[in-house]
Amino acid sequence: MNTQPDKTNRPVKPFVFKELGAMVGLCPFILAGICLLNLWVFLPQEIYAETKPTKILYVSKLGSDDWSGTLDVPSPAGNDGPLRTLEGAKQAIRVLKKRDGLQQAIEVVVLAGAYGERETYYLEKPLLLEPEDSGSETFPIIYRAEEKGRVILSGGKPIQGWQRLEEWGDLKELAGVESLQALEGDVWVADLSTVADEIERYQLLRVGNQWGVRARHPNYNPENPHTQGMLIAEDGGHLKESQNGPASFICFEQGTIPPITDLSDTEVNVRPGEGWFNFIAPVREIDFGKGRLIHAKGSYMKTEAGNPFFITGSLELMDETGEWCFDSRRAKLFYLAGDAEFPTDTSPVVAANLDRLIELRGDLENGRYVEHVHINDFIFTDTDYQPRGNAFEKSDAAIWLSAARFCEVRGNEFRWLGGHALRLENDASDNKFNNNDLHDLGQGGVTMIGTEETQPYNNEIAGNVMERLGLIFIHVGGVYIRSGSNNRIINNTITDIPRYGIGIMSFKHGEDEIGWSRSNIVERNDIRRSNQGTPDSGAIMVYSGHKDVAQQDTVIRQNLVRDFVGIRRDRQGNVLTEGTKTFSIFLSGFSSHMTVEDNIVVVGEGPDRIGYSDGVRDNVITKNIFVFGEEPPQNLTKEMGAGYWRENR
């Protein structure tokens with residue numbers, strides 16, 4: 001007979017108050033144990049490792065890339081100290097990561113000069129950071145200046161060995177040009193025969209804290225660069241045949257171009273057609289008797305009557321103080337100075353050389369990205385630009401983020417650059433470009449390029465100040481998204497630019513090249529004095545070039561737009577501000593499903609408030625405030641799809 005109790009029918013023993021009290025007393029300890037176990041199992045283990053202080057590596061002009069970089073000054077024995085270059089710092093980090101893994105954040109601190117003076121580091125080549133140079137979310141890799149605004153990273157070459165020419169005849173003999181006329185000012189010359197090959201193109205010359213003017217005709221007018229200092233074409237077009245490749249011609253009024261005997265370095269800068277963009281092309285021939293200039297073809301769009309242009313690069317055009325010219329045949333650089341003390345230690349002369357300064361380059365094909373790299377508090381200057389190529393898509397930049405994500409560029413100053421400050425491409429995502437100061441740039445501020453498969457996305461452009469952009473190429477924007485989605489452009493101040501404050505585009509070229517921009521947010525930006533050099537544009541412009549790539553779900557909200565202009569020229573070259581099709585906010589092409597709300601637009605003479613093309617559909621424009629001058633414009637009172645225009649005043 002089985003005397004074992006039946007466990008299946010055994011009643012459950014009720015809790016008694018004594019036992020319950022004991023368990024309640026233990027609850028805090030039990031819960032704490034469970035929480036710690038969960039944290040240990042489910043969160044990254046690097047969090048629970050012993051937290052180490054940030055590893056600091058120093059870079060100094062007094063350093064050596066053979067040293068450890070852990071000291072900010074050379075040791076008394078002279079056998080250790082700071083590193084000398086950013087490249088040396090990158091290599092030192094690779095060694096540390098290979099030896100120990102990434103167990104702490106790493107900062108590369110680039111030192112300023114003695115007593116906090118600014119120090120300039122001239123880069124021999126761009127700093128290239130690849131996937132193996134990545135940090136992590138917990139332990140980022142940070143490159144920063146010792147003190148904000150005290151460290152300059154330059155892509156230029158200082159020009160040394162200047163000599164003042166005592167007699168005007170010396171210049172004629174030196175240059176081998178009899179047609180040179182006597183000038184007011186001091187002519188200086190630098191012999192670059194031993195270093196000329198170190199610089200690919202002599203296109204930009206910084207003298208102190210501003211660019212010198214490459215010798216040109218007519219002379220540059222800094223107060224009105226888009227309306228004055230230009231010649232006017234009487235006609236133009238493309239040549240069917242040319243011995244030296246595709247060519248175009250410009251007809252000009254006889255006597256408006258001075259005699260030039262040497263065209264070796266001469267270029268023409270033209271704003272063809274409607275004036276949306278400009279291109280730069282080598283001059284091949286000038287027939288002064290017939291008033292005809294032949295140049296390498298620079299654009300599919302031909303020059304027409306009324307289009308502005310100027311010529312540049314010849315020593316025979318140097319006739320105003322502040323102008324310079326490089327004679328490539330003799331490898332000599334000339335500068336016309338107004339001060340006999342030129343140059344000085346505080347006003348160095350620097351020729352732009354590199355076309356970029358820092359590049360974060362991942363491997364998109366194999367899914368390897370550069371991640372968690374920060375670049376903070378530097379001054380970037382002296383980059384060059386590519387003079388040829390598609391004038392609609394100029395995208396030179398000081399910093400490139402290519403297949404890079406979770407990176408930050410913060411607190412820097414970008415000035416006197418041949419291109420943009422920042423370029424994003426190849427799946428660049430979740431990056432931040434915040435609180436930077438951009439001014440005096442040859443192209444725009446930030447540009448994003450790619451196709452639907454490679455476009456940048458989820459990036460933030462916020463809190464930046466951008467002013468005086470488009471000094472070389474005019475078809476640019478403070479932020480110009482050629483292709484990109486889910487990006488946030490917020491709280492930026494953008495002023496003094498020849499075309500877009502913010503431009504967002506979608507395009508389709510055939511079946512294989514498609515760039516579709518969607519769901520971008522443009523919010524709380526202050527845009528002033530945009531569209532100063534082009535027509536048919538907007539301070540904020542959204543464009544879809546094909547019905548198959550109509551932009552969707554972009555939000556334009558709470559922006560302030562004022563003092564936007566827009567100019568065009570008639571066939572006589574007269575500057576007009578009426579009929580320019582320039583708007584505060586322009587929905588162009590097939591842009592659809594947009595929301596434009598709560599914006600404030602201050603409208604002056606000439607431009608209009610919000611513009612559209614016939615192909616746009618299903619946009620909502622609501623609760624915007626328009627401040628007019630004397631008479632409000634008579635446009636935009638009709639419907640364009642459901643719920644287009646409501647509650648605006």
- Query: Conditions: (1) of a type outside the set (D, E, K, R); (2) open to solvent by 10 Å² or more (accessible area, probe 1.4 Å); (3) in contact with an Asp or Glu (Cβ under 8 Å, 6 or more places away or on another chain). ASN492 meets all but one. Number of the miss?
  - Reply: (2)
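Out of GLY275, GLY291, GLY298, report the one residue that is more than 30 Å from the chain's Cα centre (by Cα), over 25 Å from SER193 (Cβ atoms) and not polar (S, T, N, Q).
Numbers: GLY275 fails: more than 30 Å from the chain's Cα centre (by Cα); GLY298 fails: more than 30 Å from the chain's Cα centre (by Cα).
Among GLY275, GLY291, GLY298, only GLY291 is more than 30 Å from the chain's Cα centre (by Cα), over 25 Å from SER193 (Cβ atoms) and not polar (S, T, N, Q).
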- Query: Can you pull out the residues in segment 395-434 that are within 25 Å of VAL207 (Cβ to Cβ) and in a loop (DSSP other than H, G, I, E, B)?
  - Reply: ASP396, ASN412, GLY418, GLY419
- Task: Go through the residues of segment 110-128 one by one and say whether even a single one is touching an Asp or Glu at 6+ places or on another chain (Cβ under 9 Å), modelled with pLDDT under 95 and of a type in the set (Gly, Ala, Ser).
- Result: yes
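Residue-wise test of (1) open to solvent by 50 Å² or more (accessible area, probe 1.4 Å); (2) farther than 16 Å from GLU320 by Cβ; (3) of a type in the set (A, V, I, L, M).
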| site | (1), (2), (3) |
| --- | --- |
| ALA215 | no, no, yes |
| PRO222 | yes, no, no |
| SER248 | no, yes, no |
| GLU253 | yes, yes, no |
| PRO259 | yes, yes, no |
| THR266 | no, yes, no |
| GLU274 | yes, yes, no |
- Message: Any residue that is touching an Asp or Glu at 6+ places or on another chain (Cβ under 7 Å), part of a loop (DSSP other than H, G, I, E, B) and either open to solvent by 80 Å² or more (accessible area, probe 1.4 Å) or at pLDDT below 75 (or both) - is there at least one of those in segment 607-618?
- Response: no
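Given THR454, THR447, which one is open to solvent by 10 Å² or more (accessible area, probe 1.4 Å), polar (S, T, N, Q) and at negative phi? Before you say what the answer is, go through the steps one by one.
Values: THR447 fails: open to solvent by 10 Å² or more (accessible area, probe 1.4 Å).
Selected residue: THR454, the only one of THR454, THR447 that is open to solvent by 10 Å² or more (accessible area, probe 1.4 Å), polar (S, T, N, Q) and at negative phi.
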- Query: Which of (1) among the β-branched types (Val, Ile, Thr); (2) without any contact (Cβ under 8 Å) to a residue 40 or more places away in the chain; (3) open to solvent by less than 20 Å² (accessible area, probe 1.4 Å) is the odd one out, the single condition THR194 does not satisfy?
  - Reply: (3)
- Query: Can you name the residue in segment 544-562 that is open to solvent by 10 Å² or more (accessible area, probe 1.4 Å) and at pLDDT below 90 and is also nearest to the chain's Cα centre (by Cα) among such residues?
  - Reply: GLY545
- Task: Among the residues of segment 257-271, count how many are in contact with a helix residue (DSSP H, G or I) (Cβ under 9 Å, 6 or more places away or on another chain), under 17 Å from ALA296 (Cβ atoms) and not charged (D, E, K, R).
- Result: 2
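For PHE334, indicate whether it is open to solvent by less than 10 Å² (accessible area, probe 1.4 Å), modelled with pLDDT of 90 or more, farther than 17 Å from THR261 by Cβ and of a type in the set (A, V, I, L, M, F, W, C).
Judged against the criteria, PHE334 is not a match.
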- Query: Among the residues of segment 355-405 satisfying the criterion of being acidic (Asp, Glu) and under 17 Å from the mean Cα position of the chain (by Cα), which is most open to solvent (accessible area, probe 1.4 Å)?
  - Reply: GLU393
- Checked pairs for segment 345-371, first of a type in the set (D, E, K, R) and modelled with pLDDT of 95 or more, second surrounded by 19 or more Cβ atoms within 10 Å (Cβ to Cβ) and in a strand (DSSP E or B), C-beta under 6 Å and 6 or more apart or across chains, list as ARG356/TRP400; GLU359/TRP400; ARG361/SER402; GLU371/ARG405
- Task: Tally the residues that are touching a strand residue (DSSP E or B) at 6+ places or on another chain (Cβ under 8 Å), among the small types (Gly, Ala, Ser) and modelled with pLDDT under 95, restricting the search to segment 145-178.
- Result: 3
- Would it be correct to say that PRO282 is open to solvent by 30 Å² or more (accessible area, probe 1.4 Å) and farther than 27 Å from LEU192 by Cα? no
- Scanning segment 563-586 residue by residue, those more than 24 Å from the chain's Cα centre (by Cα) and assigned to a strand (DSSP E or B) turn out to be ARG568, ARG569, VAL575, LEU576
- Message: Test of understanding: among ASN464, ASN486, ASN525, which residue is open to solvent by less than 10 Å² (accessible area, probe 1.4 Å) and either under 18 Å from LEU422 (Cα atoms) or touching a Ser or Thr at 6+ places or on another chain (Cβ under 7 Å) (or both)?
- Response: ASN464
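Within segment 408-431, count every residue that is in contact with a His (Cβ under 9 Å, 6 or more places away or on another chain) and open to solvent by 10 Å² or more (accessible area, probe 1.4 Å). It would help to see each step written out before you state the result.
If we filter segment 408-431 for residues that are in contact with a His (Cβ under 9 Å, 6 or more places away or on another chain), which is where we start, we get 408-410, 413-416.
Filter once more, so that each one left must be open to solvent by 10 Å² or more (accessible area, probe 1.4 Å): 408, 410, 413, 415-416.
So the count comes out to 5.
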- Message: I need the full set of residues from segment 284-336 which are in contact with a His (Cβ under 7 Å, 6 or more places away or on another chain), in contact (Cβ under 8 Å) with a residue 60 or more places away in the chain and under 14 Å from THR266 (Cβ atoms), in order please.
- Response: PHE310, ILE311, LEU317
- Single unsatisfied condition, VAL350 versus (1) closer than 27 Å to ILE159 by Cβ; (2) open to solvent by 10 Å² or more (accessible area, probe 1.4 Å); (3) in contact with an Asp or Glu (Cβ under 6 Å, 6 or more places away or on another chain): (2)
- Is it true that GLU147 is among the charged types (D, E, K, R), farther than 17 Å from SER64 by Cβ and surrounded by fewer than 19 Cβ atoms within 10 Å (Cβ to Cβ)? yes
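For segment 331-379, which positions are among the charged types (D, E, K, R) and over 30 Å from PRO140 (Cβ atoms)? It would help to see each step written out before you state the result.
Of all residues in segment 331-379, those among the charged types (D, E, K, R) come to 332, 339, 341, 345, 355-356, 359, 361, 363, 365, 368, 371, 377.
Scanning segment 331-379 gives LYS332, ASP339, GLU341, ASP345.
The values are calculated or read from the model by the stated rules, or taken from the named source; none is laboratory data. Fair warning: this is a prediction, and the values are worked out from it, not measured in the lab. FYI the Cβ positions are ideal-geometry reconstructions off the backbone, even for glycines, and counts take in every protein chain you see. Calculation scope for accessible area: heavy atoms of the full protein, side chains included, ligands and nucleic acids excluded. Shrake-Rupley method; radii C 1.70, N 1.55, O 1.52, S 1.80 Å.
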